[in-house]
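Note sheet for the following structure.
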2 protein chains.
Amino acid sequence: MPYIERGQSDIINVEFSNHQYPILIGKSLENYNLCEYSSSHQFLIVTHKNLHDLYSSKLRFSSPIDIEINWCFIEEGEIHKANDSLQKVLSQAIKLKYRRNSCFIAFGGGVIGDITGFAASIYQRGVELIQIPTTILSQVDSSIGGKTAINHPLGKNMIGTFYQPNAVVIDTSLLETLPKSELVSGLAEVIKYALINDAPFFDWLDANIDNLLTRDTSAINYAVNKSCKHKQAIVEVDEKEKGVRALLNLGHTFGHALEALTNYEKYLHGEAISIGMVIASEVSKRMSLITQEEHNKIVVILKKAGLPVSIDSSLGISIDSLINQLFLDKKNVKSSALKTILLKGIGKAFILEDTPIEIVKDVLGKSFS
Amino acid sequence: MPYIERGQSDIINVEFSNHQYPILIGKSLENYNLCEYSSSHQFLIVTHKNLHDLYSSKLRFSSPIDIEINWCFIEEGEIHKANDSLQKVLSQAIKLKYRRNSCFIAFGGGVIGDITGFAASIYQRGVELIQIPTTILSQVDSSIGGKTAINHPLGKNMIGTFYQPNAVVIDTSLLETLPKSELVSGLAEVIKYALINDAPFFDWLDANIDNLLTRDTSAINYAVNKSCKHKQAIVEVDEKEKGVRALLNLGHTFGHALEALTNYEKYLHGEAISIGMVIASEVSKRMSLITQEEHNKIVVILKKAGLPVSIDSSLGISIDSLINQLFLDKKNVKSSALKTILLKGIGKAFILEDTPIEIVKDVLGKSFS
């Protein structure tokens, strides 16, 4: 099997026209001197209390000059990806007299990464940022590519910036303490990369899903590394999501609508995206873009990963409310057309600017269980 | 006199590595079709109610497709350059279902420009922006160069971004309704450009200050045009204030400290900057960088413009509190050294990273009246 050997390290460089940075992956966190990735002497580490207690000793800062390190604790949960957490980070930085050459470190999952990245992008018009993602979802997706955001009471991720970090440091051994449901949720994004443009990776995932679920180090490292490379390749050519980056939203248009209608309380992100990918696959099938067999393979791998593939009827979500929500998604730039990401095959995603609403409605109607 | 003739228009192009935009100046506002400077069909105009009532008929949108125009009113005053106004703009955009390809228009002075620019930079990770500054201060300074910000309860301009507009549209005829005190305040920034690197412009200002105070169209157009060109030239080479752009802070280190200690209630921005420039000039003189005669010329022109040149003793500000405040200024990147902008002559500003504190204290002690 094309595993990366245990302990093998890798550096994936992300290059934009006016900024580049490394994704460091494969080594244990304590092997990195974080001062090497910042010119600052003031570090503000934003995290959850439990991550601090578990892993703070793994963060290493070695510098010939005096450095200042402070911690800022954010409550866990999507509900705290909001203005109050943002203000906590900003106020703490101001109270500590952090200067415009300071460095914020996001040490946590997607919520921590998004809040900290956003705070770094607006504190004194932008300070340095290091991302240290601690969940599989953030390691393969949200920490890479520079999207930051908080939710607004009226919409998810409505307020944010594009802001690239100085470095992303990924230690997959941190995933050992990740709850099983979070691991499973993260696998949805991994499978997404395979569906978008890597059929061999899809086959590999199909053969190795059990190794991933048992957290086999080599398997996890391979899957995370592969996913990071897919994400890097796409964001590099389209930093601000003007075109091809939209492919990464496979399953997200439908998934976001589900999350929104259930107040982000019923489904983990990856779970909603899993259902969204099944819907996208089914729409593709109805449009004769993929075969029944391909569709089945997609449903099977998601099921094997432990992900949901249909909407829970007991939640009482109506098709009309889903359709309405789809048109609110900020990725839908035009108000009258429904933009979705569909499949022409496994590993062949494409953007459809004007999806036939009747087919979508019909598919949604049969997506409940 | 080297006046621009009445009605003569000019375009100043601001060019960055990955973005460029025009400053349009010299024509009346209704001559511009704002749709030409945006690819959007959704416009949100952020302004004050009184500016809407005075000038809304001057804003022209002409497009072959249907466009949507909405207004968002912000209360006047620096106290409203805060999170509540920002949230008002963002919430209104979300409620109106403004999409990520919408365009925000800042129609007002510096407060409106800073809030709207910041809102545009973070709404759905960035939408289009057009700046239409309506005060002399915003026409010659804040609308150009992409600095956006709101104040934080713990510090001025602490939260913001660098975000460049699609265009800056300047109509100096809007200044006819500007209160005299605002006109005078704006002249401080105009004089600042002359002090930084344009001795001939200083002489011109010295000869024409009365024409500016009586709002002679030709004189105003010339001064605004000249100032814009100075600002453009400096921000182009240093968009994110890593170096030479700091020259624009002449008078601002001291001025900001004064504003902060008086809760932004006692001095208009230009008034505080005027006093700050006198202090910077006096420090320069004490360090034998400029002559007594040069210092006198600076004090005289500011007085002729109607600007204050010393701190009002009755405000009860202590020298120690001023010094403490100076070290809090976010432009001071290092915590132990005081960075100031000083003069080697009229039209010859430079950055001093480590200003002798004893001289600063001594000068501050003699800056009260």
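The values are calculated or read from the model by the stated rules, or taken from the named source; none is laboratory data. Note that this is a predicted model, so its numbers are computed, not measured. In this analysis, Cβ positions are derived from the backbone assuming ideal geometry, glycine residues included, and neighbour counts consider all displayed protein chains. Ligands, DNA and RNA are stripped out before the accessible areas are found, and what is left, the full protein with its side chains, is counted by its heavy atoms. Shrake-Rupley method; radii C 1.70, N 1.55, O 1.52, S 1.80 Å.
Quick one: would you say B:G26 is open to solvent by less than 80 Å² (accessible area, probe 1.4 Å) and either closer than 30 Å to B:D238 by Cβ or basic (K, R) (or both)?
yes
Kindly establish whether A:K229 is open to solvent by 10 Å² or more (accessible area, probe 1.4 Å) and free of Cβ contacts under 8 Å to residues at least 12 places away in the same chain.
When the stated conditions are applied, A:K229 does not pass them.
With respect to A:G117, is the statement that it is within 28 Å of B:E241 (Cα to Cα) and in a helix (DSSP H, G or I) true?
yes
Could you pull out the residue among A:L322, A:L342, A:L326 that is at pLDDT below 95, more than 14 Å from chain B (Cβ to nearest Cβ) and in contact with a helix residue (DSSP H, G or I) (Cβ under 9 Å, 6 or more places away or on another chain)?
A:L322
Inside the stretch B:141-211, counting only strands (runs of 3 or more DSSP E) that do not spill past its ends, which hold 1 or more residues that are away from chain A (no Cβ under 14 Å) and over 20 Å from B:A82 (Cβ atoms)?
Because the criterion is at least 1 residues that are away from chain A (no Cβ under 14 Å) and over 20 Å from B:A82 (Cβ atoms), the strands (runs of 3 or more DSSP E) in the stretch B:141-211 that meet it are B:167-170.
Of everything in the stretch A:245-285, what is in contact (Cβ under 8 Å) with a residue 24 or more places away in the chain and not in a helix (DSSP H, G or I)? Give them in sequence order.
A:L250, A:G251, A:T262, A:Y264, A:K266, A:Y267, A:L268
Looking at (1) within 14 Å of chain B (Cβ to nearest Cβ); (2) charged (D, E, K, R); (3) open to solvent by 10 Å² or more (accessible area, probe 1.4 Å), can you tell me which one A:E294 breaks?
With (1) within 14 Å of chain B (Cβ to nearest Cβ); (2) charged (D, E, K, R); (3) open to solvent by 10 Å² or more (accessible area, probe 1.4 Å) applied to A:E294, the lone miss is (1).
Return the residue satisfying two criteria in turn: it lies in the stretch B:235-269 and is among the hydrophobic types (A, V, I, L, M, F, W, C) and within 14 Å of the chain's Cα centre (by Cα), and of such residues it is surrounded by the most Cβ atoms within 10 Å (Cβ to Cβ).
Top of the filtered list is B:L250.
Provide a single number: the residues in the stretch B:113-140 that are within 14 Å of chain A (Cβ to nearest Cβ), touching a residue at least 60 places away in the same chain (Cβ under 8 Å) and under 12 Å from B:F43 (Cα atoms).
2
Looking at the stretch A:6-26, which of its residues are under 30 Å from A:N211 (Cβ atoms) and at pLDDT below 90?
Within the stretch A:6-26, A:R6, A:G7, A:Q8, A:S9, A:D10, A:G26 meet the criteria.
Do we have A:F327 as surrounded by fewer than 21 Cβ atoms within 10 Å (Cβ to Cβ) and part of a strand (DSSP E or B) here?
No: the conditions fail for A:F327.
Taking the residues in the stretch A:92-112 that are assigned to a helix (DSSP H, G or I) and open to solvent by 10 Å² or more (accessible area, probe 1.4 Å) as candidates, determine which candidate is nearest to the other protein chains (Cβ to nearest Cβ).
Top of the filtered list is A:I94.
Regarding the stretch B:14-31, can at least one residue be identified that is more than 21 Å from B:F162 (Cβ to Cβ), more than 14 Å from every other protein chain (Cβ to nearest Cβ), in a helix (DSSP H, G or I) and touching a helix residue (DSSP H, G or I) at 6+ places or on another chain (Cβ under 8 Å)?
Checked against the condition, which is being more than 21 Å from B:F162 (Cβ to Cβ), more than 14 Å from every other protein chain (Cβ to nearest Cβ), in a helix (DSSP H, G or I) and touching a helix residue (DSSP H, G or I) at 6+ places or on another chain (Cβ under 8 Å), the stretch B:14-31 yields at least one hit.
Right, B:P133: within 25 Å of B:T214 (Cβ to Cβ), in contact with a Ser or Thr (Cβ under 8 Å, 6 or more places away or on another chain) and open to solvent by less than 20 Å² (accessible area, probe 1.4 Å) or not?
Answer is yes for this residue.
For the stretch B:55-91, what are the residues that are free of Cβ contacts under 8 Å to residues at least 60 places away in the same chain, part of a helix (DSSP H, G or I) and more than 14 Å from chain A (Cβ to nearest Cβ)?
B:S56, B:S57, B:H80
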